[in-house]
Amino acid sequence: MHTASACGKVILCGEHAVVYGMPALALPLHNLQATATASPAAGCSLHAPDLSWQHCFNSTQTPDSAHPLALTLWEGLRHFGLLNDSLPAAAVHVSSQIPIGRGLGSGAAISAALFRVLAAYAGQPCILAETLAFVHAQEMRYHGRPSGIDGEVISRAQPLCFVRGAAPESLQIASGAVLLLGDSGPAPPTHEVVGAVRAGFEADPTHYQALFEAIGQLSRSARAALASGDWPELGQCLNQNHQLLQALQVSSPRLDQLVQTAQDAGAWGAKLSGAGRGGLALALCSPAKLAWVEAAWQALDVRCWQLVL
């Protein structure tokens with residue numbers, strides 16, 4: 001049996017603007033993993049017990065299913081030459097600790113895990129550049145015009161400053177703070193929110209470009225504060241980033257509630273993270289205030305995760 005995994009990710013600063021060439025900061029979430037296994041079997045099948053879904057493939061000419069997981073596995077099989085003569089005799093299982101549709105990179109992580117386990121099954125090296133290209137292709141299929149940040153951070157499993165079309169740069173991170181992540185609830189598909197921002201930009205490019213550039217400047221300031229451990233400054237960057245995301249109309253009353261609640265409970269700063277209109281909120285906390293912020297969110301029935309910086 002072969003096993004491979006990939007971590008989730010969280011965008012600290014710069015979402016949406018990153019699609020338009022601005023820098024964004026993102027961190028891997030090593031405590032949230034997607035895992036794929038490939039075991040010998042009589043036929044070729046894919047099992048996703050978390051989704052109560054499975055599929056058996058019957059032909060080397062077609063994936064027999066339009067399900068996203070089936071298409072991703074099929075592309076991986078083709079990449080490694082496993083569809084040349086007959087279907088591989090393997091049962092592939094996928095499981096994930098990463099909530100779907102919450103801006104934590106579940107789709108990219110599952111794609112990376114599947115690619116890695118198929119490389120092991122095929123006895124071929126898992127090359128980073130090929131992993132990045134494969135994950136990005138899957139993201140293009142399901143998200144329309146993604147920036148590529150999910151695939152980069154998840155495939156490299158490193159904190160990165162990402163600018164579309166440029167080589168990503170490693171982030172320096174001081175110690176002494178905690179990011180608290182909170183699930184505000186389901187979000188619309190990423191491509192819908194990204195498409196709405198695109199429509200706004202096309203309708204009023206001057207206004208939206210100014211918002212994108214302001215977010216880009218906050219990402220640069222946040223990067224410096226993250227490296228130096230200036231947590232109050234970083235918190236202000238997060239607060240201002242959330243206000244700009246509100247101006248882009250990608251927040252929601254629930255996300256605004258979580259941000260305000262975290263600020264009132266003593267967080268240095270808070271914002272939505274990811275595409276928005278649901279999904280993830282994050283709060284930058286001191287160790288002394290972490291329990292207060294977490295308790296305030298849990299009182300609102302919010303599921304939380306912690307990332308120690």
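Read-outs: derived from the displayed coordinates by stated rules, not from any lab. Because the structure is a prediction, the values reported are computed rather than measured. Cβ atoms come from the backbone with ideal geometry, glycine included; neighbour counts cover every protein chain shown.
Of all DSSP-defined beta bridges confined to the chain, some 95% are antiparallel rather than parallel. Would you give the gap between the C-alpha center of the range 1-28 and the C-alpha center of the range 86-120, rounded to a whole Å? Cα centres, the range 1-28 to the range 86-120: 17 Å. Each part reduced to its alpha carbon centroid, the range 160-202 and the range 223-286 end up 12 Å apart.
Dividing the helix sum by the residues of the chain, where each DSSP H run of 4 or more adds -39500 (n - 2.57), gives a mean residue ellipticity at 222 nm of -14000 deg cm²/dmol. Extending 7 Å from Cα along the Cβ direction at residue 50 and again at residue 100 yields two label points whose distance is 0.9 nm.
The angle between the Cα long axis of helix 128-143 and the main principal axis of the chain comes to about 80°, on a 0 to 90 degree scale.
Given the options 188, 171, 93, identify the residue whose Cα lies farthest towards the positive end of the charge dipole of the chain (+1 on Cβ of Lys, Arg; -1 on Cβ of Asp, Glu). Going by the charge dipole, the pick is 171. Summary value for the range 173-308: 39 percent relative contact order, contacts being C-alpha pairs under 8 angstrom separated by 6+ residues.
Relative to the longest principal axis of the Cα atoms of the chain, helix 287-298 runs at roughly 70 degrees. Projecting label points 7 angstrom from Cα along Cα→Cβ for residue 306 and residue 210 puts them 4.2 nm apart. Remark: spin-label model distance residue 228-residue 203 equals 4.0 nm, labels positioned 7 Å along the Cα→Cβ axis. Taking 0.36 nm per residue of sequence separation and removing the Cα-Cα distance, the residue 167/residue 247 pair yields an extension gain of 25.9 nm. Between helix 190-203 and the chain there is an angle of about 50 degrees, using the helix long axis and the longest principal axis of the Cα atoms. The residue 86 and residue 33 beta-carbon pair, evaluated with R₀ = 41 Å, returns a calculated FRET efficiency of approximately 0.80.
The charge dipole of the chain, taken about the Cα centre with unit charges on the Cβ atoms of Lys, Arg (+1) and Asp, Glu (-1), comes to about 160 debye, rounded to the nearest 20.
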